[in-house]
Amino acid sequence: MYQLQVENMSCGHCVASVTKAIKAVDGSAQVEVDLGAKAVKVDSSAPLAAVKAAIAEAGYPVTAAA
């Protein structure tokens, strides 16, 4: 499981875009977004670098990952 800080998320469309980007890397990924905390939890077998890159390419910079 990855816990990410993702900037520039402010609405439901942002949540959908981030989720879609992650699912493009791993269709079976489980994604939870906390819009207020700008936090995204991802349960995925995909490499962290691939998940971060997909989110960044969707226009949402990942500022921290654990």
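The values are calculated or read from the model by the stated rules, or taken from the named source; none is laboratory data. Everything numeric here is computed off the predicted structure, so don't read it as measured data. Backbone-built Cβ (ideal geometry, glycine too); neighbour counts: all protein chains shown.
Kindly indicate the residue of segment 24-43 that is in contact with a strand residue (DSSP E or B) (Cβ under 7 Å, 6 or more places away or on another chain) and not hydrophobic (A, V, I, L, M, F, W, C) and also nearest to residue 66 (Cα to Cα) among those meeting that condition.
For segment 24-43, the residue satisfying everything is 41.
Taking segment 1-47, which residues are polar (S, T, N, Q), under 17 Å from residue 61 (Cα atoms) and at pLDDT 95 or above?
3, 5, 17, 19
Report every pair of residues separated by at least 6 positions or lying on different chains whose Cβ atoms are under 6 Å apart, first residue within segment 1-27 and among the hydrophobic types (A, V, I, L, M, F, W, C), second in a helix (DSSP H, G or I) and surrounded by fewer than 18 Cβ atoms within 10 Å (Cβ to Cβ).
Every condition considered, the pairs that remain are 25/50.
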